[in-house]
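Visitor: One structure coming up, written as structure tokens, with questions to follow.
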Amino acid sequence: MKITLDTVVKTFDTFRAVHGVSLEIDSGELVALLGPSGSGKTTILRMVAGLEFADGGAIYFGDENATDIPVRERGVGFVFQHYALFPHMTVAGNIAFGMKVSKVRRSSVEIAERVEELLDLIQLKGLGDRFPGQISGGQRQRVALARALAVDPKVLLLDEPFGALDANVRRDLRRWLRKIHEELNITTLFVTHDQEEALDLADRVVILDKGRIVQQGAPEQVCRNPANAFVMNFLGDANHLDAQVRDGRAFVQDIPFDAPGINDGKAQLLFRPADVVWHEDDQGIAATIIRVIDRPDSKRVVALTTAGGTVEFDTSPEFPGRAGGRGSLVIRRPRVYAAA
């Protein structure tokens with residue numbers, strides 16, 4: 001089922017949460033809405049679900065205008081961050097609930113067979129008689145997904161589905177969810193503020209800021225070619241150094257960097273910690289180490305440039321530098337953006 005958002009607007013009292021968003025999600029595509037708190041991602045998801053109604057624009061499911069269709073008639077499956085399972089019902093009862101109240105009538109035998117199919121799909125076969133309080137958080141989230149899938153939705157919507165789980169469980173569930181999506185091929189839209197989660201799972205990442213789409217594309221596209229400083233910052237650690245652009249080059253402490261398309265004037269040089277190499281001579285930007293932080297498989301070094309800029313970079317556990325050491329920073333793959 002293809003989903004189309006055509007210049008969708010949503011306002012709460014005097015606050016506009018979504019500013020004319022247009023987006024197409026192809027049938028069978030898995031798309032992540034990624035952004036900080038308040039960027040409008042959950043509001044968009046709730047409008048697609050029918051839990052909120054747009055103040056302007058339209059939402060289409062295929063060729064059908066679904067903008068004003070009630071949530072029960074949209075054919076969506078919704079998975080919330082905090083499971084929303086019925087604690088007094090068994091795992092099987094939770095999965096069966098949507099089928100029992102659906103307008104599509106099924107016999108008790110059909111419902112039982114479907115529950116068993118889904119328990120097998122979510123790798124919880126044999127646990128149907130347990131209650132939610134008797135299984136782990138990761139297992140409860142699988143049950144929530146099975147309940148959403150039980151009604152054969154046209155569209156699957158996930159709102160921070162792994163936010164309440166610890167890091168290791170989230171990682172395992174991401175891989176599992178991607179496998180399930182490839183098997184079922186349901187059009188899926190999920191909301192997250194976790195960059196790693198979006199990049200691991202999605203076919204396409206849509207990055208939002210203040211109710212607007214600022215960039216969208218395959219994970220590789222948004223990672224390797226961030227459209228602006230906001231995207232560069234949001235997708236991971238980024239160092240910032242003040243620069244001055246002259247004739248297509250950005251200068252930081254007289255060290256030049258290519259800056260095609262950037263007008264002369266103040267700018268910022270942005271780069272990842274992994275893209276810094278420390279030298280004990282004057283090959284790059286002069287700096288002094290102020291701290292070395294040990295990590296299990298690397299070291300994070302904090303350095304201060306002679307102009308007062310702070311730079312963090314990652315290096316091997318064998319890095320010999322110590323606080324007070326002087327040298328220079330050679331920067332690979334920098335990106336230059338005009339000053340805001």
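The values are calculated or read from the model by the stated rules, or taken from the named source; none is laboratory data. Every value quoted in this text rests on a predicted model; they were computed, and no experiment measured them. Please note: Cβ atoms are built from the backbone with ideal geometry, for glycine as well, and neighbour counts cover all protein chains shown.
Visitor: Would you check if there is a residue in segment 193-210 being farther than 19 Å from Ala148 by Cβ and over 12 Å from the mean Cα position of the chain (by Cα)?
Guide: yes
Visitor: With respect to Gly265, is the statement that it is small (Gly, Ala, Ser), surrounded by fewer than 18 Cβ atoms within 10 Å (Cβ to Cβ) and at pLDDT 90 or above true? Don't jump to the end; show me each part of the working.
Guide: Working: small (Gly, Ala, Ser): yes; surrounded by fewer than 18 Cβ atoms within 10 Å (Cβ to Cβ): yes; at pLDDT 90 or above: yes.
Considered against the rule, which asks whether it is small (Gly, Ala, Ser), surrounded by fewer than 18 Cβ atoms within 10 Å (Cβ to Cβ) and at pLDDT 90 or above, Gly265 comes out as yes.
Visitor: Please work out which residue is farthest from the chain's Cα centre (by Cα), limiting yourself to segment 94-111 and to residues that are touching a residue at least 12 places away in the same chain (Cβ under 8 Å) and surrounded by 14 or more Cβ atoms within 10 Å (Cβ to Cβ).
Guide: Ile111
Visitor: Would you confirm whether any residue within segment 298-306 is more than 28 Å from the chain's Cα centre (by Cα) and among the hydroxyl-bearing types (Ser, Thr, Tyr)?
Guide: Checking segment 298-306: at least one residue is more than 28 Å from the chain's Cα centre (by Cα) and among the hydroxyl-bearing types (Ser, Thr, Tyr).
Visitor: Quick check on segment 11-65: of everything there that is part of a strand (DSSP E or B) and β-branched (Val, Ile, Thr), which residue is nearest to Phe78 (Cα to Cα)? Reasoning before the result, please.
Guide: So in segment 11-65, the residues part of a strand (DSSP E or B) come out as 11-12, 15-25, 30-34, 56-61, 64-65.
Those left that are additionally β-branched (Val, Ile, Thr): 11, 18, 21, 25, 31, 59.
On the way: Thr11: 23, Val18: 21, Val21: 21, Ile25: 17, Val31: 15, Ile59: 17 Å.
Ranking the qualifying residues of segment 11-65, first place goes to Val31.
Visitor: Scan segment 3-19 for residues that are surrounded by fewer than 19 Cβ atoms within 10 Å (Cβ to Cβ) and over 21 Å from the mean Cα position of the chain (by Cα) and jot them down. Can you show your working first?
Guide: Taking segment 3-19 first, the residues surrounded by fewer than 19 Cβ atoms within 10 Å (Cβ to Cβ) are 4, 6-7, 9, 11-16, 19.
Correct list: Asp6, Thr7, Val9, Thr11, Phe12, Asp13, Thr14, Phe15, Arg16.
Visitor: Being under 19 Å from Glu29 (Cα atoms) and free of Cβ contacts under 8 Å to residues at least 60 places away in the same chain is the filter; apply it to segment 158-177 and report the residue that is surrounded by the most Cβ atoms within 10 Å (Cβ to Cβ).
Guide: Keep residues of segment 158-177 that are under 19 Å from Glu29 (Cα atoms), which gives 158-161, 173-177.
Next, from what is left, pick out any that are free of Cβ contacts under 8 Å to residues at least 60 places away in the same chain: 173-177.
Working: Leu173: 22, Arg174: 18, Arg175: 11, Trp176: 16, Leu177: 24.
Checking each candidate, the answer is Leu177.
Visitor: Could you look through segment 47-92, keep only residues that are touching a residue at least 60 places away in the same chain (Cβ under 8 Å) and over 26 Å from Val115 (Cβ atoms), and pick out the one that is surrounded by the most Cβ atoms within 10 Å (Cβ to Cβ)?
Guide: Taking segment 47-92 first, the residues touching a residue at least 60 places away in the same chain (Cβ under 8 Å) are 48-49, 61-62, 74-85.
The next check asks that each one be over 26 Å from Val115 (Cβ atoms); those that pass are 48, 61-62.
On the way: Val48: 25, Phe61: 20, Gly62: 11.
Restricting to residues being touching a residue at least 60 places away in the same chain (Cβ under 8 Å) and over 26 Å from Val115 (Cβ atoms), the top hit is Val48.
Visitor: Could you grab me the full set of residues in segment 7-40 that are of a type in the set (Val, Ile, Thr) and closer than 19 Å to Val222 by Cα?
Guide: Initially, segment 7-40 is screened for residues of a type in the set (Val, Ile, Thr), giving 7-9, 11, 14, 18, 21, 25, 31.
Answer for segment 7-40, where residues must be of a type in the set (Val, Ile, Thr) and closer than 19 Å to Val222 by Cα: Val21, Ile25, Val31.
Visitor: Taking only segment 254-270 into account, find how many residues are out of contact with any helix residue (DSSP H, G or I) (no Cβ under 9 Å at 6 or more places or on another chain) and touching a residue at least 40 places away in the same chain (Cβ under 8 Å). Break it down stepwise before answering.
Guide: First, the residues of segment 254-270 that are out of contact with any helix residue (DSSP H, G or I) (no Cβ under 9 Å at 6 or more places or on another chain): 254-267, 269.
Now narrow it down to the ones that are touching a residue at least 40 places away in the same chain (Cβ under 8 Å): 257-259, 262-263, 265-267, 269.
Looking only at that region, the number is 9.
Visitor: Tally up the residues in segment 103-151 that are within 26 Å of Glu182 (Cα to Cα) and either in contact with a Ser or Thr (Cβ under 6 Å, 6 or more places away or on another chain) or of a type outside the set (A, V, I, L, M) (or both), please.
Guide: Going through segment 103-151 one residue at a time, the tally reaches 19.
Visitor: Taking the condition of being under 18 Å from Leu156 (Cβ atoms) and buried (at least 18 other Cβ atoms within 10 Å of the Cβ), how many residues in segment 195-240 meet it? Can you show your working first?
Guide: Going residue by residue through segment 195-240, those that are under 18 Å from Leu156 (Cβ atoms) are 197-198, 200-206.
Next, only the ones that are buried (at least 18 other Cβ atoms within 10 Å of the Cβ) stay: 197-198, 201-202, 204-206.
Final tally of qualifying residues: 7.
Visitor: Only strands (runs of 3 or more DSSP E) wholly contained in segment 196-287 count here; list those with 3 or more residues that are under 30 Å from Gly28 (Cα atoms). Before the answer, list the steps.
Guide: On the way: elements: 204-209, 212-217, 239-246, 249-252, 255-258, 265-271, 276-279.
Hits in segment 196-287: 204-209, 212-217.
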